[in-house]
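First the structure, in the form of structure tokens, and then the observations on it.
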Amino acid sequence: MKKLYKALLLALIIGVASGCARQNSEINSQKEKEQVSKVEEKSDNKLDSKKLYVSFYPIEYMAKEIAKDKIEVVNIMPKGASIHEWEPSAQDIKNLSKSKMFIVNGLELEGWLDDVKTNLNNTEIIDSSNSIEKIKIEEEEDHDHDHDHDHDNDHEEHEHDHDHEEHHHHGEYDPHIWISPREARIQLKNVYEAIVKFDSENKDYYEENYKQLDKKFEDLDKKYEETLKSQKDKYFIVPHEAFGYLARDYEIKQVPIEGINSDSEPDLNKMKELTNFAKSHKINTVFYELGESDKIASSLAKEINAKTAGLSTMESKTKDIEDGKDNYFSLLEKNLEAISQAN
Ligand SMILES: [Zn+2]
């Protein structure tokens, strides 16, 4: 009996042991695989671990002014591209996925971001709109339709509008926060905090730069408030619905020619509506977007005997920005000057 028992026990031990050995070797080879892929990832990642990605020009400006030469700030958008239209290529996403941080405007300005988030597991996404008091987008009602006009045309227009919406999705909130210096200060703080997180060793340096920059924006905010006091509640015809935060913060009113995504060229009805509005409010300036065509603004201005002037949305890097003749801050100053001269 004892012998049999011993034999059984032995068989059992051998069985268990060999099973374990098999398992162990499986685990080991699995570990090896993981290690290999980690090494591969690392060597692949190495190139970009020092790069801080940002989604568009205003954030690029903020990040560069704070980080200066300590961090390589990379704007994911290529030259000349505009934020409402541009979408990243597969290569752009690949590059981005190798970076450890990506600062965005948020509020779905980067409409493509949701679709690629699953590819950005190692990239921390910083939303610079954090703690901003958001403006909800009111769904635009149909243009002032005359009740007696042709219903077939009406129908076509609706389908047309619908197509546009499908191609250029917008979020629940107005994303144009950077156009108001007051909101820009909140973004600036968020960008600063992200940079410290990105590279905490140089915190003192970044803090100093941030404080200086924030002071400039604080002064500009005051200047906007002082200057626009005399324009309180006045209407301004702007190229697209990008000035909502500016209008709210400094108590003026925007009358946009195009919608929130700048993708809805006005039809005849809209032009008539704008013309009547401008005439009844004695508007003397129609704004166009600097760096874009002034055709629509010009024809409207002609209609109402007004002048045209440029406003900047900083949504793409214009030639003057590329050449260093203008920057985000100087363009905010110019916007104020242009608005203050209109009435
Ligand atoms: Zn816009």
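Please treat every number below as a calculation from the coordinates, not as lab data. Keep in mind that this is a model prediction, so the values were computed, not measured. Virtual Cβ from ideal backbone geometry, glycine too; neighbours counted across all protein chains shown.
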Qualifying GluC sites (Glu not before Pro) for region 240-343 [loop in DSSP, other Cβ within 10 Å: at most 16]: Glu251
Under the 7 Å Cα-to-Cβ spin-label approximation, Glu72 and Ala90 lie apart by a distance in nanometres of 2.4
How far is the Cα center of region 93-141 from the Cα center of region 276-342, in Å? 28
Output wanted: per-residue J couplings in Hz (rounded whole) for region 231-239, from phi through Karplus 6.51 cos²θ - 1.76 cosθ + 1.60, θ = phi - 60°, x for Gly and Pro. 9, 3, 6, 7, 8, 10, 7, 10, x
Stretch Glu226-Asp204 to full length: gain in nm at 0.36 nm per residue minus the Cα-Cα span? 4.6 nm
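Among the listed pairs Lys64/Lys234; Lys223/Lys307; Lys223/Lys317; Lys189/Lys279; Lys70/Lys319; Lys79/Lys216, which have their C-alpha atoms separated by more than 31 angstrom in this model? Present the calculation step by step, with values, prior to reporting the outcome.
Numbers: Lys64/Lys234 35 Å; Lys223/Lys307 25 Å; Lys223/Lys317 25 Å; Lys189/Lys279 42 Å; Lys70/Lys319 26 Å; Lys79/Lys216 27 Å.
The answer is Lys64/Lys234; Lys189/Lys279.
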Could you put His281, His170, His240 in order, starting from the residue whose Cβ has the fewest other Cβ atoms within 10 Å? His281, His170, His240
Once amide hydrogens are built 1.01 Å from N within the peptide plane, the residues lying 5 or more places from Gln254 or on another chain with amide H under 5 Å from its amide H are Phe236
Of all trypsin sites (Lys or Arg not before Pro) in region 168-272, the ones in DSSP coil with at most 10 other Cβ atoms within 10 Å are Lys232
